[in-house]
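Taking it in order: structure first as structure tokens, then the write-up.
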Amino acid sequence: MKVLEASFVQGFIRMCDDGFNQNWHERNGGNLSYRVREEEIESVKEELAWDNPWQPIGTSVPGLAGEYFLVTGSGKYFRNVILDPAANICIVEVDRAGENYRICWGLVNGGRPTSELPSHLMNHEVKKQASGGRHRVIYHAHPANIIALTFVLPLEDKVFTRELWEMATECPVVFPDGVGVVGWMVPGGRDIAAATSRLMKKYDVAIWAHHGCFCSGEDFDLTFGLMHTVEKSAEILVKVLSIRPDKLQTISPQNFRDLAVDFHVTLPEEFLS
Ligand code: 2HA
Ligand code: ZN
């Protein structure tokens, strides 16, 4: 099968376009990666090449040795992915040591995988282990309301988790573990990747102050839906804070406990006290 005919590639392209249409990907903002299943790689083998040079990842991900990833290209625009996927995305293979990658397909006009490859791969490594292999998608976007909140809320996991949960009843069901927050850091390197992947051991959502958000999930629907839910909640909070600085009423800790029972989720008490 051709790479572009494969359903995992079509799902990836659709998600890039959906994200652009949400206004989360100005210029070359944001990046997406998918840990490809063995049988999916097998199905597109006719179009893969294994003669490109190995390049350093910039960090070490031994837990991903030999895995293949479909990723957006560095400097490429999400809005162009649907028009010319082969020029804007690529499939990379990770070597046996988890230290290097090589491009096996795509970026036909040249280029490299996303500048946030260290963060994507370190998050994949953590989530692969934490989810027993179920999580396959890591998504980074620049949603305006989430970013706006990082200027006015304390950069604490508990504050962001409670505020976002309170803005929509379904939020604690969609992200029951809460959200983590990383203070401002230089993007693209190993340090921000390490800080983010530490949070990803505990959460499926990591917010980068004054920058954007990372989400992890099992498939494209769940991961896009997670980003969408968090950003919608942030939008409601921005509206609430804009109307008046204090809430007249909200969802109480006991309301959350009652919800957790009926919806069969566990909400950590550390966020309810
Ligand atoms: O430009 O979003 O964080 C891609 C990015 C870097
Ligand atoms: Zn970014």
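The values are calculated or read from the model by the stated rules, or taken from the named source; none is laboratory data. Keep in mind that this is a model prediction, so the values were computed, not measured. A quick note on method: Cβ atoms are made from the backbone with ideal geometry, for glycine too, and the neighbour counts reach across all protein chains shown. Side chains are part of the model used for accessible areas, which takes the heavy atoms of the whole protein and leaves out ligands, DNA and RNA. Shrake-Rupley method; radii C 1.70, N 1.55, O 1.52, S 1.80 Å.
When +1 charges are put on Lys and Arg Cβ atoms and -1 charges on Asp and Glu Cβ atoms, the dipole computed for the chain relative to its Cα centre reaches about 520 debye. Given an 8 Å cut-off on Cα distances and at least 6 residues of separation, report the relative contact order of the chain as a percent. This gives 18 percent for the chain.
The count of lysine pairs in the chain that are at least 8 places apart or cross chains, and whose C-alpha atoms lie under 21 Å apart, stands at 12. Listed peptides 243-254, 172-183 appear in the order 172-183, 243-254 once ranked by packing, highest mean of other Cβ atoms within 10 Å at the front. Our estimate of slack between ARG190 and HIS210, defined as 0.36 nm per intervening residue step minus the Cα-Cα distance, is 5.3 nm. Taking the Cα atoms of segment 147-187, the ratio Rg/Rh between the radius of gyration and the Kirkwood radius comes to 1.00. Dividing the Cα radius of gyration of the chain by its Kirkwood radius returns 0.99 for Rg/Rh. The angle between the Cα long axis of helix 7-21 and the longest principal axis of the Cα atoms of the chain comes to about 50 degrees, rounded to the nearest 10.
Applying 0.36 nm per residue to the separation of ASP18 and ALA65 and subtracting their alpha-carbon distance, the gain on full extension is 13.9 nm. The peptide list 4-12, 132-140, 91-99, 69-77, put in order of mean Cβ contacts within 10 Å with the highest first, becomes 69-77, 132-140, 91-99, 4-12. Its DSSP H runs of at least 4 residues, each contributing -39,500 (n - 2.57), put the calculated 222 nm mean residue ellipticity of the chain at -11500 deg cm²/dmol, to the nearest 500.
Ranking GLU125, GLU270 by solvent-accessible area of protein heavy atoms (1.4 Å probe, all protein chains present), from largest to smallest, gives GLU270, GLU125.
Principal axis extents of the Cα atoms in segment 100-217, from largest to smallest and rounded to whole angstrom, are 45, 32, 23. Add +1 for every Lys or Arg and -1 for every Asp or Glu among the other residues with Cβ under 10 Å from the Cβ of PHE271, and state the total. Net charge around PHE271: -2. The magnitude of the dipole of segment 1-137, with charges of +1 and -1 set on the Cβ of Lys/Arg and Asp/Glu and taken from the Cα centre, is near 340 debye. Go ahead and set up a Gaussian network model of the chain, Cα springs under 10 Å, then flag whichever of LYS158, LYS239, LYS128 fluctuates most. In the Gaussian network model the winner is LYS239.
Carbon-plus-sulfur accessible fraction, the chain (probe radius 1.4 Å, protein heavy atoms only): 51%. Helix 220-243 and the longest principal axis of the Cα set of the chain meet at an angle near 40°. Computing FRET efficiency as 1/(1 + (r/R0)^6) for LEU155 and ASP262, where r is the C-beta to C-beta distance and R0 is 35 Å, gives about 0.65. Can you give the Rg to Rh ratio of segment 89-132, both from alpha-carbon atoms, with Rh computed by the Kirkwood formula? Reported Rg/Rh, Kirkwood definition of Rh: 1.01. The heavy atoms of HIS210 present about 80 square angstrom of accessible area, all protein chains included, probe 1.4 Å.
Of the trypsin sites (Lys or Arg not before Pro) in segment 34-63, the ones in a loop by DSSP (not H, G, I, E or B) with at most 14 other beta carbons within 10 Å are ARG37.
Mind grabbing the base-10 log of I(q)/I(0) for segment 1-145 at q = 0.09, 0.13 Å⁻¹? Debye formula, identical points on the C-alpha positions, no solvent, two decimal places. For segment 1-145 at q = 0.09, 0.13 Å⁻¹, log10 I(q)/I(0) is -0.24, -0.52.
Applying the Karplus relation 6.51 cos²θ - 1.76 cosθ + 1.60 with θ = phi - 60° to segment 22-29 yields 3J(HN,Hα) values of 7, 6, 9, 9, 4, 6, 9, x Hz, where x marks Gly and Pro.
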